[in-house]
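The values are calculated or read from the model by the stated rules, or taken from the named source; none is laboratory data. Note that this is a predicted model, so its numbers are computed, not measured. Cβ placement follows ideal geometry from the backbone for every residue including glycine, while neighbour counts extend to all protein chains displayed.
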Amino acid sequence: MHDVFRAETAHEARARLEQWLRRACHKPEPQFKDLAAKIRRHKDAIARSVELGLGNARVEAADNKIKLTVRMGYGFRNIDNLIALVMLRCSRLQPTLPGRD
């Protein structure tokens, strides 16, 4: 599986994933066959994550940041303000606030 995530392109990742799945299906242990079935269901998402360079840690960090921002924004009168705050916090922008130099 490490080879899959070391691939440069999504096409290469798919090819390596197919190769791993073929080997896993021929293993005698039923756990490999169950794992191969689960991976086969999520094959496209795995290839896209390789292509985009998104690992689980980055996705979890973004999810955590969004959840924290939603908690901070509790009580906002409209959803647009909350969405704007989430977008600002998840971007790399750091605007200077008025009166704070």
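Taking the criterion of being in a loop (DSSP other than H, G, I, E, B) and in contact with an Asp or Glu (Cβ under 9 Å, 6 or more places away or on another chain), would at least one residue in the stretch 9-20 satisfy it? Walk me through it before giving the result.
Step one: of the stretch 9-20, the residues in a loop (DSSP other than H, G, I, E, B) are 9.
In the following step, the residues that additionally are in contact with an Asp or Glu (Cβ under 9 Å, 6 or more places away or on another chain) were identified as 9.
Checked the stretch 9-20: at least one residue is in a loop (DSSP other than H, G, I, E, B) and in contact with an Asp or Glu (Cβ under 9 Å, 6 or more places away or on another chain).
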remark   = Being on the phi < 0 side of the Ramachandran plot, free of Cβ contacts under 8 Å to residues at least 40 places away in the same chain and in the same structural domain as residue 14 (by TED's automatic domain parsing) narrows 77, 48 down to just 48
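Test residue 63 against the stated conditions and say whether it is within 30 Å of residue 87 (Cβ to Cβ), modelled with pLDDT of 85 or more, assigned to a helix (DSSP H, G or I) and among the charged types (D, E, K, R).
Working: within 30 Å of residue 87 (Cβ to Cβ): yes; modelled with pLDDT of 85 or more: yes; assigned to a helix (DSSP H, G or I): yes; among the charged types (D, E, K, R): yes.
Answer is yes for this residue.
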message = Among (1) modelled with pLDDT under 85; (2) surrounded by fewer than 14 Cβ atoms within 10 Å (Cβ to Cβ), there is one condition residue 28 misses while meeting the rest; what is its number?
response = (1)
inquiry  = For the stretch 31-41, which positions are exposed (fewer than 11 other Cβ atoms within 10 Å of the Cβ) and under 23 Å from residue 59 (Cβ atoms)?
reply    = 38, 41
